[in-house]
Amino acid sequence: MILWQLFVAFLYIGTFSYGGGYAILPLIEEVMVTNLGWLTFQEMTDILSLSQVTPGPIAINAATFIGMRVGGVPGAMIATTASVLPQSIALMILGHFLFQDRPILFMERALHGLRPGVTGLVASATLSVCLASLFFTLSPLVIDPFALVAFVTVFVLQHSKKLSIFKLVAIGASLGIVGEAVERLLIS
Amino acid sequence: MSLWQFFLTIFKISSITFGGGYTIVPVVRDAFVDQYELLDEEEMLDLTALGQTVPGPIAVSVALLVGYRLKGRRGALSGLLAAILPPFIIISILYFFYEAFASNVWVRAGLRGMSGAISAIMINAVYRLAKVSLRKHRLFSALLMIATFIISFFTSINKALIVFTLGLVGYLMFTFVPEDKIP
């Protein structure tokens, strides 16, 4: 019964969470905190901070976390599946029509507007990520030295050598850990 | 690329992209456009745009669509699974001791370096995406790109609405104005 409720709740959230990222939070608050009372507001904020230090979209993280709390591992599986189900069905239908050989005229025309626009969206997300990762605070501007060293190193490496993205990210993580070790040595 | 290799690539990408949203797009682009050369820049932009027309996280949509494009329906399902399994597994484990994890100094230091690296990778990707989107109809495309950037960065207008408007503008422009008249 509770698993069924969990399924329906996340099906609802998955259907209406347009826009991605933080757009899902008002929905989770409405359904989980206000209507069902499965989560306190404080716990919702905890999920948010957990999402920042773990990979993956907030929507998946939240579904897994709430599912675990309400119904253990089966709950987590049901909640996560339900939250991506509407999206997957819609994309399977879209893909079916799209990846046939003949191009769809109206889609071709719409893409003339979508291509440059999506580049603008990615640019905006990039600026947000850069600001959040390279600075501790924005006013006053306080630089995070570990992030900056990793940023510059990877930026230069990218243009001189052809390393895979996984190696570049691993180099970044190692530089952060080395930085922490150096900082401790200097202090002690 | 076999189905299994495709699954592993998305699985790895999904394990290292923090923060959600468009963060995954440049990383997927780097793997499938630059490294494996299975998609071209334009297709990558198209798949990203299409991913925005449905609800749910863009990371999941892009993984599913890239899978569909490369390997058909089975590819789509592998992409979907590979995108959601890493966060699912990690959150299920961390659920039990997340406070200790999130405040660990060494974990935080590694994450700070990682986010710096991701920033550099994203800037590089934006530069290349911009070059492709500005190849034809330069003025029209540049105006849309800059306007979208400003609206997206400075306002909290729903991204789905932005994407819908962009599609509409493209459709109307290219339906009612002859293509060689568009600057």
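Readers should treat all values here as calculations from the given coordinates under stated rules, not as data from a laboratory. Only a predicted model underlies this, so the values are computations on that prediction, with no experimental measurement involved. Glycine also receives a Cβ, built like all others from the backbone with ideal geometry; neighbour counts cover every protein chain displayed.
The chymotrypsin sites (Phe, Trp or Tyr not before Pro) of region B:92-142 that DSSP puts in a loop, and whose beta carbon has at most 14 other beta carbons within 10 Å, are B:Phe96, B:Phe97.
Checked against a 23 Å cut-off, the cross-linked pairs B:Lys71/B:Lys131; B:Lys159/B:Lys181; B:Lys136/B:Lys159; A:Lys162/B:Lys131; B:Lys12/B:Lys71 give Cα-Cα distances beyond that limit for B:Lys71/B:Lys131; B:Lys159/B:Lys181; B:Lys136/B:Lys159. The spread of Cα positions in region A:2-98, taken along each principal axis and listed from longest to shortest, comes to 44, 28, 23 Å. Among B:Ile10, B:Ile150, A:Ile177, sorting on how many other beta-carbon atoms sit within 10 Å of each Cβ, with the fewest leading, yields B:Ile150, A:Ile177, B:Ile10. Rounded to the nearest 10 degrees, what's the angle between the helix B:138-154 long axis and the longest principal axis of chain B, both from Cα atoms, 0 to 90? Its long axis makes an angle of about 40 degrees. A simple spin-label model places the labels of B:Tyr127 and B:Lys181 3.8 nm from each other, with each point 7 Å out along Cα-to-Cβ. Footprinting exposure proxy ranking of B:Thr9, A:Thr153, fewest other C-beta atoms within 10 angstrom first, gives A:Thr153, B:Thr9. With N counted as the residues of region A:105-187, its alpha-carbon radius of gyration over 2.2 N^0.38 Å works out to 1.52. Sequentially through region B:105-115, phi angles give Karplus couplings (6.51, -1.76, 1.60; θ = phi - 60°) of 4, 5, 4, 4, 4, x, 5, 5, x, 4, 5 Hz, Gly and Pro residues having no value and appearing as x. Cα centroid separation, region B:1-73 to region B:113-140: 16 Å.
A cut-off of 5 Å between modelled amide H atoms, ignoring neighbours fewer than 5 places along the same chain, links A:Phe135 with A:Asp144. Shape analysis of the protein assembly as shown places it in the oblate category; the axes a ≥ b ≥ c from the Cα gyration tensor give an a/c of at least 1.5, with a/b not above b/c. Each of A:His112, A:Ala9, A:Ile89 was scored by the projection of its Cα onto the charge dipole of chain A, and the greatest displacement toward the positive side belongs to A:His112; charges sit on the C-beta of Lys, Arg, Asp and Glu. Computed over chain A, the Cα gyration tensor eigenvalues convert (square root of 5λ each) into semi-axes of 35, 28, 16 Å, ordered from largest to smallest.
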